[in-house]
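The values are calculated or read from the model by the stated rules, or taken from the named source; none is laboratory data. Quantities reported herein were computed from a predicted structural model and do not represent experimental measurements. Counting neighbours? That spans all protein chains shown, and the Cβs are built from the backbone with ideal geometry, glycine included.
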């Protein structure tokens, strides 16, 4: 009896252990599909809790949805088992035999890997609607994408338009997948600008509507293949309506429509670039105004420049002033207004710059506001120059320069008695206090000079510190706004916004000017800084994350909020 009991307990333990064996597998809902169908892929972890899950890169596939997760726990005859599933909906980008690579999951310090899956993809055929033997042809319903222009320069605005063509009655549509536009900044165009029209193509009349449009701006040169857009369209198959519906709504059938692929060629700007090139590419115009044309020396004036154009404002530098720098002291301009509006030709951006300056030398002097950009109509660098300002400066320039003050001649301060003698009648003459009194006027003059120099330096440092403090506050506020987005997909244009914020802050804080730096140049600059090794390593790591996402199109190792928090922490510690 005792032996039987031991055998029974051992059997229960074996079944329990067997039921808890960890497995990690992958499966797809079909092995063969057409180009216009969707595939559901499920990665299943059995009898364990995952610490981390790393999906495959899905090369050759568009991720329509996922990952969504589901879990299941069951107990049978005392044996407990569990399943955790990671589910993706995919769409193939091309025909042929496509592979879904291995996924990895970490359980209790051990990594489990799923087997790859091969799927055969054929050309999209006719789609059967509600069992009707007459299949839906691509001539009846399709989405076409067009880029204008399809060849552009870095920084030039490109208009992307997805248009639905149909000869059928459509109840509604839903865009299930939109390309990421890797290598570009992108801005969606408001949908209320898209009317419904009729167009005739090869004798067939279609009802057409632009269902999605973007303005994109290349941030690097090369050939870019844009993924197709996926749209699910509800096609009316029975106008009589559904008898089971109280409102007699028409019967519809969902149809998956995939747009044609798109290739865009991005060219580099001609070399060499002009010295004052702003980085702007497109069509621009500029106007200016000055608040006064008659000044006195050491009196301030203000020049306001209004810049408007269709290029990427993220790349646009400031205009410049053609003037004699020995006559006018020009301070760093401020952006006082900024706005972007959508017009028929695309997005038009406007910036208002304010240039404060101080007159130093009397006379009649010229100031010419100018802006250099690359014009896409003439394919040349163009300099815009507004009217010439003739400024009359009156008064006198300072007689004693700073250098003159340094050359004070100590011999001009002479003692009152050159051969002093100590005596009983005049004990003060020749004493220590006597010589200190003789030196007192010189000490006053030198002390006043040192005080003036310190105050000038304090003013300069104070102004610099105020600018740095304002830039830090502005950057932290902007990063806090980015954190609110909580965008786990981390599109490249969002990450590039963080890159632009951090770079602008570092240029101001470290007084580097407006020159754009490569990743390698940033690393050299960071290495030469006196900050702590830990802080410099954090800044380098951020730029590597930016480089991977923006230019290599690879996912970053950080989650969105971690990336924003890391950038904010760097700004706060500097």
For this session: Only one of these is under 20 Å from residue 180 (Cα atoms) and either at pLDDT 85 or above or under 39 Å from the mean Cα position of the chain (by Cα) (or both): 21, 37, 49, 59. Name it.
Result: 59
Exercise. Are any residues in the stretch 262-306 touching a strand residue (DSSP E or B) at 6+ places or on another chain (Cβ under 7 Å), closer than 20 Å to residue 183 by Cβ and surrounded by 14 or more Cβ atoms within 10 Å (Cβ to Cβ), and if so, which ones?
Worked result: 262, 264, 265, 266, 267, 269, 280, 281, 282
For this session: Kindly indicate which of 246, 194 is surrounded by 11 or more Cβ atoms within 10 Å (Cβ to Cβ) and modelled with pLDDT under 85.
Result: 194
Exercise. Between residues in the stretch 171-184 that are closer than 30 Å to residue 250 by Cβ and residues that are at pLDDT below 85 and surrounded by fewer than 21 Cβ atoms within 10 Å (Cβ to Cβ), which pairs lie under 6 Å by C-beta distance while being six or more apart or on different chains?
Worked result: 171/252; 176/64; 177/64
For this session: Look through the stretch 558-574, keep the residues that are touching a residue at least 24 places away in the same chain (Cβ under 8 Å) and outside any helix (DSSP H, G or I), and return whichever of them is nearest to residue 544 (Cα to Cα).
Result: 559
For this session: Look through the stretch 78-109, keep the residues that are in contact with a helix residue (DSSP H, G or I) (Cβ under 8 Å, 6 or more places away or on another chain) and outside any loop (DSSP other than H, G, I, E, B), and return whichever of them is modelled with the highest pLDDT.
Result: 81
Exercise. So which residues in the stretch 32-53 are loosely packed, with under 13 Cβ neighbours inside 10 Å and farther than 22 Å from residue 228 by Cα, if there are any at all?
Worked result: 49, 51, 52
Problem set entry | Only listed residue being free of Cβ contacts under 8 Å to residues at least 24 places away in the same chain and either closer than 17 Å to residue 393 by Cα or not in a loop (DSSP other than H, G, I, E, B) (or both), chosen from 348, 335 | 335
For this session: Can you work out which of the residues in the stretch 351-381 that are in a loop (DSSP other than H, G, I, E, B) and under 24 Å from residue 153 (Cβ atoms) is farthest from the chain's Cα centre (by Cα)?
Result: 378
